[in-house]
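The values are calculated or read from the model by the stated rules, or taken from the named source; none is laboratory data. Everything quoted here is computed from the prediction, not taken from an experiment. Using ideal geometry, Cβ is built from the backbone for each residue, glycine included, and neighbour counts are taken over all protein chains shown. The accessibility values were calculated without ligands, DNA or RNA, using every heavy atom of the protein model including side chains. Shrake-Rupley method; radii C 1.70, N 1.55, O 1.52, S 1.80 Å.
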Amino acid sequence: MNHEVVEESYAFPPTPGVGSRPSVVSAPPMQTQYNSPSLSRKPLLLTIEAATPNNAPDKATPPGSSHTPNFFTPLGSPIRKAIQLTKLDPQDAWLPITESRNGNAYYAAFHTLCSGIGIQALVLPVAFTILGWTWGIISLTLAFVWQLYTLWLLVKLHESTETGMRYSRYLQLFSSAFGDKMGKIFTLFPIMYLSGGTCVALIVVGGSTMKLFYQIVCGGHGCTANPLTTVEWYLVFTSAAVVLSQLPNLNSIAGVSLIGAVTAIAYCTIMWLVSVTEGRLDGVSYNPIKENDNTAMIFSVLNALGIIAFAFRGHNLTLEIQATMPSTEKNPSHVPMWMGVKVAYTIIALCLFPLAIAGYWAYGHKIPTNGGLLAAIYQYHGRDTSQVVLALTSLFVIINAATSFQIYGMPMFDDMESKYTKRAKKPCPWWLRALFRFMFAYGCFFVAVAIPFLGSLAGLIGGIAVPVTFAYPSFMWLKIKKPKKYSLMWWLNWGLGLWGTILTVLLVAAGIYVVIDTGVEVSFFKPH
């Protein structure tokens with residue numbers, strides 16, 4: 001795939017009757033190892049963050065009949081901007097991420113919340129069983145601050161004060177800083193894998209939870225003599241996601257992202273509240289779990305750190321979200337974007353910290369390692385918790401998975417359409433756009449069914465994506481902004497960049513260790 005840096009001129013020269021109690025329904029096979037470290041306290045790591053780049057622009061001017069609105073931004077020169085305007089890149093005006101520039105701080109908050117809260121957050125208490133209270137809270141806090149800082153860097157780097165260019169996709173920004181070749185080597189695979197991998201994981205989680213919801217509503221026995229199989233539930237979920245994916249661009253799914261954000265907040269809140277109100281389990285211990293040998297202990301700690309690191313996601317969607325906003329000299333896009341991010345991450349913190357702390361307090365070392373807080377509620381409180389609450393929680397998870405599919409799939413839709421627009425020199429017709437999205441969604445469904453052991457390799461593959469959040473933004477800041485040598489920003493970004501790189505190496509090594517130590521059960525077309 002040949003991607004070139006696409007730079008855009010912008011006007012910012014210088015910035016769920018419940019009757020009798022049904023039998024206990026087993027927890028859903030969450031398969032969260034697709035998007036989080038292994039829940040067996042082995043480091044299987046995968047970041048959920050996704051973004052794919054766009055092909056190089058074409059010089060052709062879009063026809064007047066294009067469905068895309070025209071947007072104008074002044075050129076960088078103070079003299080030229082006073083007398084001349086330039087259209088955004090024609091091809092970008094035809095692509096899902098950048099064809100609409102009507103975004104605002106509210107949309108930014110909706111998208112950031114939807115992409116920033118997910119099922120992977122429910123396993124945070126598992127990390128505390130290894131790290132304990134003190135180091136667990138310290139690590140969670142440091143990771144939150146670290147990723148928030150790199151997010152700020154990306155927001156500021158979206159617009160170049162020197163060149164007057166906007167970088168609307170992660171690969172574009174990285175390639176601008178380090179060149180096309182380096183961009184393809186270091187970022188192309190991680191961001192494409194994360195986008196597709198996240199959508200595969202969402203199909204697994206969404207389909208499995210649909211099956212669970214059906215069992216709860218039907219009293220645990222099923223409403224029909226022949227209930228749907230797991231694969232068929234995957235297909236139902238995928239079909240629902242395909243329908244939603246017909247919305248044309250990133251701005252048009254702002255309402256979908258809002259629904260996704262609200263449902264994520266809802267199920268997170270329900271879970272930690274149920275854990276607290278039901279009280280601590282008998283015999284709970286808060287002593288950190290120790291392994292028999294030093295090597296196993298090291299990788300156990302790495303797994304815990306990985307769980308915490310991957311509770312935060314969505315960084316490679318940041319540039320794409322910001323790209324949906326207009327930008328002028330007096331109103332640069334980074335202002336409303338950062339405002340939306342601050343609101344979103346305040347809410348994210350109010351979800352993640354209670355999940356980790358309340359979950360660990362309630363279950364301690366008894367927290368299920370496969371499924372985290374959701375599995376704990378079904379395992380320990382399935383009989384004494386209202387089935388309405390359980391069904392409602394499952395329903396929220398399903399809705400959140402379906403809505404999150406849209407924002408994580410959008411970069412892939414953008415990439416597929418860019419190939420057509422580059423060759424045809426015109427926007428994708430509606431039927432081709434629908435076909436692309438149909439192909440992508442059912443392609444993800446095929447992977448979820450055909451390669452159910454993909455999660456066993458998540459640590460090995462997903463570790464490669466860690467620097468996208470924790471290292472690359474710092475290195476890009478050093479390369480593009482060139483802070484004064486030995487200044488605070490120079491030391492800070494070098495330190496974070498190097499520590500992010502070291503963490504990546506350790507997590508990839510841990511992934512290799514787990515594959516060798518536990519092995520991989522290869523079974524095609526046999527999902528659990």
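Annotation note: of His111, His158, the sole residue that is buried (at least 18 other Cβ atoms within 10 Å of the Cβ) and under 28 Å from Pro354 (Cβ atoms) is His111. Annotation note: Cβ proximity below 6 Å between a residue of the range 281-295 that is over 30 Å from Asp384 (Cβ atoms) and a residue that is assigned to a helix (DSSP H, G or I) and of a type in the set (Gly, Ala, Ser) (sequence gap 6+ or interchain) occurs for Glu291/Ser300. Close contacts from the range 490-507, counting a first residue that is under 14 Å from Leu153 (Cβ atoms) and modelled with pLDDT of 95 or more and a second that is open to solvent by less than 80 Å² (accessible area, probe 1.4 Å) and aromatic (Phe, Trp, Tyr), with Cβ to Cβ under 7 Å and a gap of 6+ residues or different chains, come to Asn493/Trp477; Leu496/Trp146; Gly497/Phe475. State yes or no: is Ala93 part of a helix (DSSP H, G or I), at pLDDT below 90 and of a type outside the set (Val, Ile, Thr)? Yes, satisfied.
Does Tyr360 qualify as being closer than 18 Å to Thr134 by Cβ and open to solvent by less than 60 Å² (accessible area, probe 1.4 Å)? First the steps, then the outcome.
On the way: closer than 18 Å to Thr134 by Cβ: yes; open to solvent by less than 60 Å² (accessible area, probe 1.4 Å): yes.
Spelling it out, Tyr360 is indeed closer than 18 Å to Thr134 by Cβ and open to solvent by less than 60 Å² (accessible area, probe 1.4 Å).
Residues in the range 450-479 that are part of a helix (DSSP H, G or I), open to solvent by 20 Å² or more (accessible area, probe 1.4 Å) and at pLDDT 75 or above: Ile464, Tyr472, Phe475, Trp477, Leu478, Lys479.
When every residue of the range 389-400 is checked against the conditions, at least one turns out to be open to solvent by less than 10 Å² (accessible area, probe 1.4 Å), among the small types (Gly, Ala, Ser), in a helix (DSSP H, G or I) and within 30 Å of Tyr286 (Cα to Cα).
Among the residues of the range 131-155, not one is at positive phi and either open to solvent by 60 Å² or more (accessible area, probe 1.4 Å) or not in a helix (DSSP H, G or I) (or both).
Does Gly372 satisfy the condition of being more than 14 Å from Tyr267 (Cα to Cα) and not basic (Lys, Arg)? Considered against the rule, which asks whether it is more than 14 Å from Tyr267 (Cα to Cα) and not basic (Lys, Arg), Gly372 comes out as no. Listed by first and then second residue, the pairs linking a residue in the range 244-271 that is more than 30 Å from Trp361 (Cα to Cα) to a residue that is basic (Lys, Arg) and part of a helix (DSSP H, G or I), with Cβ atoms under 6 Å apart and 6 or more places separating them unless they lie on different chains, are Ser245/Arg437.
Cβ-Cβ distances below 7 Å connect the following pairs, each with a first residue in the range 423-437 that is under 16 Å from Ser239 (Cβ atoms), a second residue that is modelled with pLDDT of 90 or more, and a separation of six or more residues or different chains: Ala434/Gln246; Arg437/Val242; Arg437/Ser245; Arg437/Gln246; Arg437/Phe413. Among residues of the range 161-177 being over 27 Å from Ile348 (Cα atoms) and not hydrophobic (A, V, I, L, M, F, W, C), the one that is most open to solvent (accessible area, probe 1.4 Å) is Glu162. Among (1) in a loop (DSSP other than H, G, I, E, B); (2) closer than 20 Å to Thr504 by Cβ, where does Thr198 come up short? In the conditions (1) in a loop (DSSP other than H, G, I, E, B); (2) closer than 20 Å to Thr504 by Cβ, Thr198 misses (1) alone. Does Leu151 meet the test of being in contact with a Phe, Trp or Tyr (Cβ under 6 Å, 6 or more places away or on another chain) and closer than 21 Å to Ile348 by Cβ? Against the criterion (in contact with a Phe, Trp or Tyr (Cβ under 6 Å, 6 or more places away or on another chain) and closer than 21 Å to Ile348 by Cβ), Leu151 does not qualify. For the range 230-258, a residue qualifies if it is acidic (Asp, Glu) and touching an Asp or Glu at 6+ places or on another chain (Cβ under 7 Å), but none of them does.
For Val335, the stated conditions hold: it is at negative phi, surrounded by fewer than 17 Cβ atoms within 10 Å (Cβ to Cβ), in a helix (DSSP H, G or I) and of a type in the set (A, V, I, L, M). Only one of the numbered conditions (1) in contact with a helix residue (DSSP H, G or I) (Cβ under 7 Å, 6 or more places away or on another chain); (2) open to solvent by 10 Å² or more (accessible area, probe 1.4 Å) is not met by Asp180, and that is (1).
Report yes if some residue within the range 516-523 is outside any loop (DSSP other than H, G, I, E, B), buried (at least 22 other Cβ atoms within 10 Å of the Cβ), modelled with pLDDT under 90 and β-branched (Val, Ile, Thr); otherwise report no. Steps first, answer last, please.
Quick first cut of the range 516-523, residues outside any loop (DSSP other than H, G, I, E, B) only: 516-518.
Retained after the next criterion (residues that are buried (at least 22 other Cβ atoms within 10 Å of the Cβ)): none.
No, the range 516-523 has no match at all.
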